[in-house]
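Below is one structure, written out as structure tokens; comments come after it.
Laboratory data are not the source of any read-out in this text; all were calculated from the coordinates shown. Fair warning: this is a prediction, and the values are worked out from it, not measured in the lab. Counting neighbours? That spans all protein chains shown, and the Cβs are built from the backbone with ideal geometry, glycine included.
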Amino acid sequence: MKPLTQVAAFVALVFAVPWLVAPLLPQQPQSTWELILSYLPGVWAPTVIALVMMTLTGGRAGLARELAERFRVASGRTWLLASAATPALVTAAGLLIARAAGDGQSFIPASAFGTVVLNAVTTGAVGEELGWRGFVLSRLGERLSQRAAAIVMATLWALWHLPIFLFPDSPYSTWPIVPALLSIMAFGLFLAALFSATRGSVIPTMLAHLSWNITLGIGGVQLSSNIFWWTLAGLFALSAVCVGSLERASRKPQAARV
């Protein structure tokens, strides 16, 4: 199966899952565990589908090789630090600007921080990366330029989030759709830049995704704030450009020695 055919099959399946499983899940979760359960099928579908497709196309040996490559420890501590720090700093900047504009709200109590981390670890921050970055982005990169592959992946990933804004009972239903989706897309471009900079490892992208979900969950800003999301969209796009520029600069000396 050709890389682009694999991507098309993955996208068709992963887009279908939320609509297929939604009627089977708790419609109004009453506890943290019910909330997590309501997210699990959708946010872990990318990983499950990717694993199945890796096995079908490469067998067990191919699966083992690809997982070893995708979970390779990133080269250098600098990228790991950037992965964790950048989303937190971007979110903090958006929070400060939105609060200055009157869109602030209370931060969560310290006792709820563990729940925020639990949600981040068990849901999309870990469940999505192997599929969208490790599977989709790597295969798009076999047929498209690095920039084009990143844009296609980030666009598809952002659109995949659209249903969570459309369900009336969803906690995301009050978010402004356009700037929030553009923020997700820009964050996807940042994750793509990290993936490339670390030679195809999903460890930094998982760390970045965790960082963003946790800092979003801390509160301090109304998530219905347009200014908050537009700020994040711009800063994540800028972050993606910066990571890409740093990666190219780091590779030039190596190319010159060769």
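Brief remarks on what is shown
- Rg in Å to one decimal, and Dmax rounded to a whole Å, for segment 105-258 via C-alpha atoms: 16.6, 58
- Cβ-placed point charges (K, R +1; D, E -1), dipole of the chain about Cα centre in debye, nearest 20: 1120
- Here the relative contact order of the chain, from alpha carbon pairs under 8 Å that lie six or more residues apart, stands at 29 percent.
- Working from the Cα coordinates of segment 121-201, the gyration tensor eigenvalues give, after taking √(5λ), semi-axes of 25, 14, 10 Å in decreasing order.
- Once the trypsin sites (Lys or Arg not before Pro) in DSSP loops with at most 16 neighbouring Cβ atoms within 10 Å are cut out of the chain, the longest remaining piece is 1-71.
- Backbone geometry of segment 132-142 corresponds, through the Karplus equation with coefficients 6.51, -1.76 and 1.60 at θ = phi - 60°, to 3J(HN,Hα) couplings of 6, 8, x, 9, 5, 4, 5, 6, 4, x, 7 Hz, x marking Gly and Pro.
- Net charge of Cβ neighbours under 14 Å - reference G220; Lys, Arg +1; Asp, Glu -1: 0
- Using a simple spin-label model with pseudo-atoms 7 Å out from Cα toward Cβ, L40 and L4 lie 3.8 nm apart.
- Backbone amide hydrogens, once placed in the peptide plane, bring V221 within less than 5 Å of Q105, excluding anything fewer than 5 places away on its chain.
- 222 nm mean residue ellipticity, helices alone, for the chain (DSSP H n ≥ 4; -39,500 (n - 2.57); rounded to 500): -24000 deg cm²/dmol
- A simple rule links phi to the HN-Hα coupling: the Karplus curve 6.51 cos²θ - 1.76 cosθ + 1.60 with θ = phi - 60°, which for segment 244-249 gives x, 5, 5, 5, 4, 5 Hz, with x for Gly and Pro.
- 3J(HN,Hα) couplings calculated from phi for segment 144-150 with the Karplus curve 6.51 cos²θ - 1.76 cosθ + 1.60 (θ = phi - 60°) are, in sequence order, 10, 5, 4, 5, 5, 4, 5 Hz; Gly and Pro show x.
- Among the GluC sites (Glu not before Pro) found in segment 126-227, those both in a DSSP coil and sparsely packed, with 15 or fewer other Cβ atoms within 10 Å of their Cβ, are E142.
- Descending semi-axes in whole angstrom, ellipsoid equivalent of the chain, from the Cα gyration tensor: 29, 24, 16
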